[in-house]
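The structure under discussion appears below in the form of structure tokens.
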Amino acid sequence: MYVWGMTLAFGCFESNKLRLKKYYQFDYFANYIYKDDTLKIELQNPLNCPLRVSISSPDKSLHYITNKFGTLTLNKKSDTTVIKYYLKTNRKIILEFNSVLGDLNMNNCKEVFSLPFPKKKGYKIIQGYNGSHSHYDAYSKCAIDFSLQINDTVCSAADGYVVGVIKDYEFGGKTEDWVDYCNCITIYHPKSGLFTQYVHLIKNGSFVKVGDTVIKGQPIGLSGMTGYTTKPHLHFNVLKPDKNVGLTSTNIEFEEGYKGMELTENASVKK
């Protein structure tokens with residue numbers, strides 16, 4: 001079976017109001033078979049970045065087994081990883097898989113990025129670090145919202161690989177019910193082990209797909225207003241692997257001379 005990666009979530013919010021189809025950024029192969037007193041688990045990472053996979057079970061009697069596996073880090077584009085465990089039971093085996101991007105052993109985590117839009121363009125900042133509207137948790141505390149309008153071009157902030165794309169949402173809303181329903185692109189930067197994320201793109205507004213190689217400044221999509229937002233903009237976030245929360249927002253420095261922490265609401269930037 002294929003398991004969908006769920007790395008975009010800005011928390012584990014579950015909407016009680018919206019009934020939209022849920023899309024995910026990527027998928028990976030996960031399968032398990034219990035036969036002849038042996039539990040066999042198979043995992044495969046198709047992405048051009050490391051992938052951390054944890055295994056759990058809703059059956060509490062199996063927690064002592066799943067806890068032994070811990071979190072498994074699969075190398076990029078890895079062959080099938082096989083785990084075998086001797087287990088004698090008459091109970092039905094039910095396993096669940098959860099994934100998050102990145103390798104905790106990547107300790108560099110430093111890179112200077114380019115502003116995520118074309119040369120000779122300039123925009124204002126709508127929301128900066130620790131913004132009270134939506135930049136207040138570990139996942140988005142260092143994100144920056146640029147005032148790109150609908151159909152404005154979004155560019156890759158550095159060389160890397162596309163490891164996540166959501167493109168099928170059409171609408172947005174002003175309440176947190178919409179937080180998980182936005183289009184986005186996620187790019188892995190192997191030089192640092194960091195990820196950049198470009199959020200709120202228009203429907204079918206991605207120029208790239210998972211597996212593509214991109215270069216700094218390359219147009220990758222079109223800005224929009226999908227998901228949780230009150231106005232059109234580009235939500236730009238740099239993420240690093242974190243043991244406790246999976247991925248955490250981290251400080252941004254731009255090669256054009258801007259420091260992320262200085263980009264407060266209504267500040268202007270130009271490329």
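Bear in mind these aren't lab numbers, they're just calculated from the coordinates by the rules spelled out. Small disclaimer: the values here were computed from a predicted structure and weren't measured. For neighbour counting, all protein chains shown are included, and Cβ atoms are generated from backbone atoms with ideal geometry for every residue, glycine included.
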Treat each spin label as a single point 7 Å out from the Cα along the C-beta direction, and report the T213 to N251 distance in nm.
-> 3.2
Could you list the trypsin sites (Lys or Arg not before Pro) in region 42-145 that lie in coil according to DSSP, counting only those with at most 11 other Cβ atoms within 10 Å of their Cβ?
-> K88, R91, K92, K119, K120
Among rounded, prolate and oblate, which fits region 122-270 when a ≥ b ≥ c are the square roots of the eigenvalues of its C-alpha gyration tensor, a/c under 1.5 means rounded, and a/b larger than b/c means prolate?
-> rounded
Relative contact order of the chain, defined on C-alpha pairs under 8 angstrom at six or more residues apart (%) = 21
Order by protection proxy (mean Cβ within 10 Å, highest first), peptides 235-245, 217-227 | 217-227, 235-245
Once fully extended, how much extra length lies between N266 and C109, figured as 0.36 nm per residue of separation less the alpha-carbon to alpha-carbon distance?
-> 53.7 nm
Packing-based ranking, highest mean first, of 149-159, 190-200 given that Cβ atoms within 10 Å are counted = 190-200, 149-159
Nearest-20 debye value, the chain charge dipole, Cβ charges on Lys, Arg, Asp, Glu = 220
Compute the length gained on full extension between T89 and K22: take 0.36 nm times their separation in residues and subtract their Cα-Cα distance, giving the result in nm to one decimal.
-> 20.6 nm
Given the pairs K60/K243; K88/K243; K76/K259; K22/K174, which are separated by over 28 angstrom at their Cα positions?
-> K88/K243; K76/K259
How much length is gained if the chain between K141 and E42 is pulled fully straight, taking 0.36 nm per residue apart and subtracting their Cα-Cα distance, in nm to one decimal?
-> 32.1 nm
